[in-house]
Amino acid sequence: MANATTTPLTAETLRYGAEQLAAADPDLGHLYERLGTPPLWAREPGFATLIRIILEQQVSLKAARTLYRRVHTHLGEMSPQAVLIAGEAGLKALGLTRQKARYCYQLAQRIYTGQLRLDRLEMLNDPEGRQTLLAIPGLGPWSVDIYYLMALRRPDIWPRGDLALATALQDVKKLEAPATHHQQQRFARAWAPWRAIAARLLWMHYLELRGGGPYVP
C-alpha cells in the first residue's frame, strides 16, 4: 500500500517538501530562498534508464550521455531484446568497457526472461525494492538510489556516494573537505521524509558552484 514515502513526487509535493526543509534547516532555507524549488529531474522508469545509470558509473555525465546516444542509435531502440541481439561483443564494439557490457547484457537477460520485473518495484516498499535491484550485477547502492530517486521519484531517498552532493555539502555546511559518507548520513537523517528533495536542492547549489550547466543526476 502506498504511503508518504512510496508515493511518487509531483510538482506540488516537491514544492511542499522544499518548503518544509527550508523551515527545518537554515542552510537549506538559504538555498531555497536563493534558488527556489528544484527541478523534478524525472526519468522514465524501466530498462533504458537502468542502462543509462550503469553507463554513468565512474564517468562524467557528458561522456555517459554520448555513449548512451551512440548505443541507442546503433541498436535502434534501448530494449532487452536489442541488447541481447547485440551481445557483449557488440556492446564492447560500441565503446562499453568489458565490465559494463557484461552488466548491461545480464540485466537484459534477467528482464527478458522475466526473472526481473521492474513494474513490480512500485508495489514494494523502498528496502524491499532496493534489495531486488542490488541483487543485480552492476547495480550498486548509488545506482539503485538514483533509480529510486529519479525514475520512481521516491521522496525519501539519499543517493549514497554521490560526489556532487559531497561537494555541495562541504560548501553549505562549511566543512573542511567534501562530506564523508558518515557526515552525509548524519545530515540526511534530519531531512527525512524529504531527503530526495534535499538532494535536489544541493544539486542545484552544486550547479551554481560550477558556474551553471546541465547537471542532470
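Binning the alpha carbon pair distances of the stretch 133-205 at 10 angstrom intervals from zero yields the distribution 22, 53, 23, 3, expressed in whole percent.
Figure the gain on full extension for D119 and T73 (residue separation times 0.36 nm, minus the Cα-Cα span) and round it to one decimal in nm. Could the numbers behind the result be given before it?
Details: separation 46, 0.36 × 46 = 16.56 nm, distance 2.54 nm.
Result for the pair: 14.0 nm of gain on full extension.
Fraction of C-alpha pairs exceeding 23 angstrom in the stretch 47-151: 22 percent, rounded to a whole number. Using C-alpha pairs under 8 Å with a sequence gap of at least 6, the mean separation divided by the residue count of the chain gives a relative contact order of 26 percent. Here the calculated FRET efficiency for R15 and A63, from their Cβ-Cβ distance with R0 = 41 Å, stands at 0.80, rounded to the nearest 0.05.
Amide H contacts for L94 (H built 1.01 Å from N in the peptide plane; partners 5 or more residues away or on another chain; cut-off under 5 Å): none found.
Under 22 Å of direct C-alpha separation, and excluding same-chain neighbours fewer than eight residues apart, K92 reaches these lysines: K62, K100. Over the C-alpha atoms of the stretch 92-133, the Rg to Rh ratio, Rh being the Kirkwood estimate, stands at 1.11. Shape summary of the stretch 1-85, radius of gyration then Dmax from alpha carbon positions: 17.9, 53 Å. With bins 5 Å wide beginning at 0, the percent of Cα pairs of the chain falling in each bin runs 1, 7, 15, 18, 18, 15, 12, 8, 4, 1, 0.
What separates the Cα centres of the stretch 159-192 and the stretch 118-150 is a distance of 22 Å.
The numbers here are math on the coordinates, done by the rules we state, and not lab data. Predicted model only: the values in this text are computed from it and were never measured. Cβ: placed from backbone, ideal geometry, glycine included. Neighbour counts: every protein chain shown.
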